[in-house]
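The values are calculated or read from the model by the stated rules, or taken from the named source; none is laboratory data. In this text the structure is predicted, and so the values were computed from the model without any measurement. Cβ placement follows ideal geometry from the backbone for every residue including glycine, while neighbour counts extend to all protein chains displayed.
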Amino acid sequence: MPARTRPIDKLATAAAKCSTESSVYGKCIFADYNNVRKDMCATEFLKLKECYLVRSLPKIEWGSADQSTEGV
């Protein structure tokens, strides 16, 4: 059985691949850091979240041509 990957390791890997989104979100928060409030940077946060989710999910290997569903 393969070793289990800890969630924090998955997050670190995803975060390393989302530096652009992280930077945009951080700049949004920093722009008015004395007045941070809920949903202040919701758009930027959602883009960052989407990047994390896409980068941290395991890649799905689709079947080879002989396992395709063509003609079904």
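Taking region 1-28 only, how many residues are of a type in the set (A, V, I, L, M) and surrounded by 14 or more Cβ atoms within 10 Å (Cβ to Cβ)?
3
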Taking first residues from region 40-59 that are free of Cβ contacts under 8 Å to residues at least 60 places away in the same chain and second residues anywhere that are part of a helix (DSSP H, G or I) and among the aromatic types (Phe, Trp, Tyr), the pairs with Cβ under 7 Å that are 6 or more apart or on different chains are 41/25; 44/25; 45/25; 48/25
Flag if residue 13 is at pLDDT 90 or above, of a type in the set (S, T, N, Q) and within 13 Å of the chain's Cα centre (by Cα): no
Checked pairs for region 24-38, first without any contact (Cβ under 8 Å) to a residue 24 or more places away in the chain, second among the charged types (D, E, K, R), C-beta under 8 Å and 6 or more apart or across chains, list as 25/44; 25/47; 28/44
